[in-house]
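Inspection log for the structure reproduced underneath, given as structure tokens.
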Amino acid sequence: MTVSVVSLPILGPKAVLPKSCFEIGLANESDDDQLRRLLRRSPIPGSISVTFEREPSFFDSCRVRGDFFQVGIGRDRRTGNAIGLGTRSVAHAFVNGRPMPLGYLADLRLDERYRGGTLIARGYRFLRHLHHDHRARLYTTMIFTGNHGALTTIASGRAGLPQYHDMGVVHSPGINIRRTKPTINAGCDILRGSEDLLPEIVECLNRNNSRRQFAPVHTIAMFKNQWRDFRCTDFYVAVRRSRVIGVLGCWDQRAFKQTRVAGYGPRLRYLVPLANILRPLTGSPLFPEPGQEVSYFYISFVSVDEDNVEVFQALLRRAYNDSVGSRYLYAILALHERDALLPALRDYSQTPFSGRLFCVTFEDGEDLYRSLDGRVPYLEAATF
């Protein structure tokens, strides 16, 4: 895996604007503490406001996004403090069924005291500068539904910014872990993953991901070396007549990525205390208190031959039932609004969460964007 955390020689380490109090450049690991502090004080707005944190190391947490990543940092030159950040990563994914490098833009944050000026535009000029390395022609990014500021600024098509092409809604609910549910028989065996099954698991993933837009390309080595804290036994595998026909994985990333409730909106602020009195009667998890970390795992690496909903239901039910009575309150996954597997989630109590998926392009990616066919997009919730 190649990781870029320092400046590229042809680009220079910083873009210091004349007569500016601010500088934008590539961060390195000595900036890790400031980056994590900025995340902690930058909640994502919504009816439930949350912070996405990366303890104990921001840089280590980025490695699950792929072979290459860069961390952009904005500083106030007067204090030396980090006031903004954003990440750019590149990994192989399927685009129109063919593997190619695909970029991902994430973690955009700007200290609220510095909003309303030109720093966002300056940051995107720096991104354009980085893009000149020609590592990818297309990028994807997620903007959560409650983040109206981002939806009306960076995704609005303003002059000077890259083009944000709306690819639809991605539903990323928290499935409430409550009581066990009846086993679902889909005419297949549901096994736990193993080293012996790994080659067939990877083959199943790539076979089905090639039918999806932007889905990752997997290798055996990734599951042995790259996906931190994910083991082969974390897979659930559907087998029919000795053939792997579907998989999903349960990935606990709390050792390096955390979600914390920052607060509730006006309506929920009064409803949550009442709901927490009633929810134990229904077996539902309590809403976390502000400041409390959310206990959850990701449903990842979802792949089912022919989008067979019954097979997916059987896999999900087994994973759900195995988590009942554990420390987890939620299982989080991501499915596009057009995904044929989405209806399977109706069987579960959910805490809703969603965002809009965008394909982001500079001038050299517009033709590739226009060539995209109608495949349903897929992104891993674990890499948001």
Quiz item: Taking springs between alpha-carbon atoms closer than 10 angstrom, which of S371, S172, S47 fluctuates most in the Gaussian network model of the chain?
Solution: S371
Exercise. Looking at the chain, send over the antiparallel percent of its DSSP beta bridges, to the nearest 5.
Key: 90 percent
Practice problem: Send over the Kirkwood Rh of the stretch 91-180, from the inverse of the averaged 1/r over different Cα pairs, rounded to one decimal Å. | Solution: 15.6 Å
Practice problem: Kindly provide the trypsin sites (Lys or Arg not before Pro) of the stretch 48-103 that DSSP labels as loop, not H, G, I, E or B, and whose Cβ sees at most 10 other Cβ atoms within 10 Å. | Solution: R78
Exercise. Please work out the average accessible area per residue across the stretch 50-137, using the 1.4 Å probe convention, and give it in Å².
Key: 41 Å²
Practice problem: Would you be so kind as to identify which of Y164, A186, L198 lies farthest towards the positive end of the dipole of the stretch 104-223, taking Lys and Arg as +1 and Asp and Glu as -1 on Cβ and the Cα centre as origin? | Solution: Y164
Quiz item: How big is the Rg/Rh ratio for the stretch 237-353, C-alpha atoms only, Rh by Kirkwood, two decimals?
Solution: 1.02
Practice problem: Using only Cα atoms, find the angle between the long axis of helix 119-131 and the longest principal axis of the chain, and express it within 0 to 90 degrees, rounded to the nearest 10. | Solution: 80 degrees
Exercise. Using the Cα centre as the reference, give the magnitude of the dipole from point charges on the C-beta atoms of the stretch 280-384 (Lys, Arg: +1; Asp, Glu: -1; all else neutral), rounded to the nearest 20 debye.
Key: 520 debye
Quiz item: To the nearest 10 degrees, how steeply does helix 309-323 sit against the main Cα axis of the chain, on a 0 to 90 scale?
Solution: 80 degrees
Self-check item: Solvent-accessible area, 1.4 Å probe, carbon plus sulfur percent, for the chain
Solution: 53 percent
Quiz item: What is the Cα centroid distance between the stretch 346-377 and the stretch 107-148, reported in whole angstrom?
Solution: 17 Å
Practice problem: Using only the C-alpha atoms of the chain, find the volume of their convex hull and express it per residue in Å³. | Solution: 135 Å³
Quiz item: Within a Cβ distance under 14 Å of R327, other residues only, what is the Lys/Arg minus Asp/Glu net charge?
Solution: -2
Quiz prompt | Choice from P273, P43, P56 with maximal GNM fluctuation in the chain (Cα, 10 Å cutoff) | solution = P273
Quiz prompt | Residue-count net charge about R375 - beta-carbon cut-off 13 Å; Lys, Arg +1, Asp, Glu -1 | solution = +1
Quiz prompt | Helical mean residue ellipticity (222 nm; -39500 (n - 2.57) per DSSP H run of 4+; nearest 500) of the chain | solution = -6000 deg cm²/dmol
Quiz item: Each residue of the stretch 102-108 in turn: what ³J(HN,Hα) in whole Hz from Karplus with 6.51, -1.76, 1.60 and θ = phi - 60°, glycine and Pro shown as x?
Solution: 10, x, 9, 10, 7, 6, 5
Quiz item: What number, in percent, do you get for the relative contact order of the stretch 164-243 if the mean sequence gap of Cα pairs under 8 Å and at least 6 apart is divided by its residue count?
Solution: 43 percent
Practice problem: Within the stretch 116-210, report the trypsin sites (Lys or Arg not before Pro) that DSSP leaves as loop and that have at most 16 other Cβ atoms within 10 Å. | Solution: R158, R178, R179
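The values are calculated or read from the model by the stated rules, or taken from the named source; none is laboratory data. Remember, predicted model here, so these are calculated numbers, not experimental data. So basically every Cβ, Gly included, is an ideal-geometry build from the backbone, and we count neighbours across all protein chains shown. These accessible areas exclude ligands, DNA and RNA; they are computed on the full protein's heavy atoms, side chains included. Shrake-Rupley method; radii C 1.70, N 1.55, O 1.52, S 1.80 Å.
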